[in-house]
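Reading through the structure tokens given below for one structure.
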Amino acid sequence: MEKKQSLCPVSKKCGGCQFVDMPYKEQLKKKQQQAEQLLKEFGKVEKIIGMEEPAHYRNKVHAVFDFQKGKGIVSGIYQEKSHRVVPIESCLLENEKADEIIRSVRELAKSFKYKAYDEDSGYGLLRHVLVRVGHATGEIMVVLVLGSPILPSKNHFVKELCKLYPEITTILINVNSKRTSMVLGEKEQVIFGKGYIEDGLCGRRFRISAKSFYQVNSVQTEVLYQKAISYAALTGKETVVDAYCGIGTIALAAAGQAKKVIGVELNKDAVRDAVTNAKINRIKNADFYLNDAGRFLTQMAEAGESVDVVFLDPPRSGSTEEFLDALLRISPKRVVYISCEPETLARDLRYLTGKSSYRVQEIAPVDMFPFTENIEAVCFLSRK
Ligand code: SAH
């Protein structure tokens, strides 16, 4: 029997879509089972909320550039667990306009005679391209990541790219000359527009800088946040902490229903965005702090501050004992834990419930990453 062709010609090499050729319903079933396996010891796991149109959900798209014999300049992805570049034209997950822009940057690079950066020798210029699309606004950011700071014929290049895509509202150069697997370097220069894009989410407007974290699946982010905020059962009287707050999305979406919201975040660009976002939305009861979430919460506990609700949305590694200890000391009535890694969620829930002061009330998986095995879940705990 002939084997059915995969939806994606490079899925084996890329490895990013573990479920690429599985019907979406089955993907959801599988994630449901996995979420239950990891989390059922804490309580009932609700039915996973999937997408109606699961393809092309990623609003942030990254391509690595390379020079390959016989092909010339190529753009694509790293082969799984390696630094070999697999050329691609389009991707099932990525925003299609973003993919189109990346292809055009590659063609323009040829005519402008830009060389692709070579990771082994450190020679060459164009290293990565990052495109961010505002789901609600359609604003588009293009970041050209270069191995050195000078882009020859910069103005001409900007003009040509913007002529092709009038929806591009800003272009930046980011300089990354280090031998690292990090895409973005420290130094950044705006060469067109404002240097950030804005997007709409949960009825608010958000400014997003190149280096700030922003959820990649906007449609499901609204579902996730609505769920999270409904768990908080806000009445307008609460003091709320949004830990690992990024650009302040959860805090600002909840601010209208709380007395005060306090966000804490370690990335300085994200905190700057969060402060601006409060202003853009005319929200006066929100404060944002640049700090480690664990250290910040410990300081709050030591100062004897009273908090009613804590949202936490840590990176994949989960939270820390320092943070969770401070949380137990502050002892808010409600805790809403948003997690993109059920294993660390389970570890942290074990810590919180093991000290017997919290009970898990509800666990709701939301499919933020169709075609991949990643599971996102929001968990609501209440003080006993
Ligand atoms: N809640 C936000 C961001 C979640 S991603 C949203 O939904 O958009 C996790 C965030 O945690 C990132 O912005 C990252 O910069 C931040 N972060 C990572 N380690 C941290 C730490 N130790 N203390 C505070 N923030 C941290």
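The values are calculated or read from the model by the stated rules, or taken from the named source; none is laboratory data. These figures come from a predicted structure and were not determined experimentally. A quick note on method: Cβ atoms are made from the backbone with ideal geometry, for glycine too, and the neighbour counts reach across all protein chains shown.
To keep it simple, each residue is scored yes or no on (1) among the aliphatic types (A, V, I, L, M); (2) under 24 Å from Lys211 (Cα atoms); (3) touching a Ser or Thr at 6+ places or on another chain (Cβ under 7 Å).
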| position | (1), (2), (3) |
| --- | --- |
| Gly50 | no, no, no |
| Ile88 | yes, no, no |
| Cys91 | no, yes, no |
| Ile102 | yes, yes, yes |
| Glu107 | no, no, no |
| Phe112 | no, no, yes |
| Ser121 | no, no, no |
| Glu139 | no, yes, yes |
Filter result (over 18 Å from Arg58 (Cβ atoms), at pLDDT 95 or above and assigned to a loop (DSSP other than H, G, I, E, B)) within region 1-27: Met22, Pro23
Name the one entry in Val190, Val261, Val216, Val240 that is touching a residue at least 60 places away in the same chain (Cβ under 8 Å) and either assigned to a helix (DSSP H, G or I) or more than 11 Å from the ligand (Cβ to nearest atom) (or both). Val240
Give the residue that is nearest to Ser319 (Cα to Cα), with candidates limited to residues of region 332-379 that are away from the ligand (no atom under 15 Å from the Cβ) and β-branched (Val, Ile, Thr). Thr353
Examine region 150-166 for a residue that is aromatic (Phe, Trp, Tyr), part of a loop (DSSP other than H, G, I, E, B) and at pLDDT 95 or above, and state whether such a residue exists. yes
Among Ala228, Ala233, the single one that is assigned by TED's automatic domain parsing to the domain that holds Val261, within 13 Å of the ligand (Cβ to nearest atom) and not polar (S, T, N, Q) is Ala228
Filtering region 294-318 for residues that are in contact (Cβ under 8 Å) with a residue 60 or more places away in the chain, within 12 Å of the ligand (Cβ to nearest atom) and not aliphatic (A, V, I, L, M) leaves a count of 4
Give the residue, chosen from Lys81, Lys110, that is in the same structural domain as Pro166 (by TED's automatic domain parsing), among the basic types (Lys, Arg), in contact (Cβ under 8 Å) with a residue 24 or more places away in the chain and in a loop (DSSP other than H, G, I, E, B). Lys81
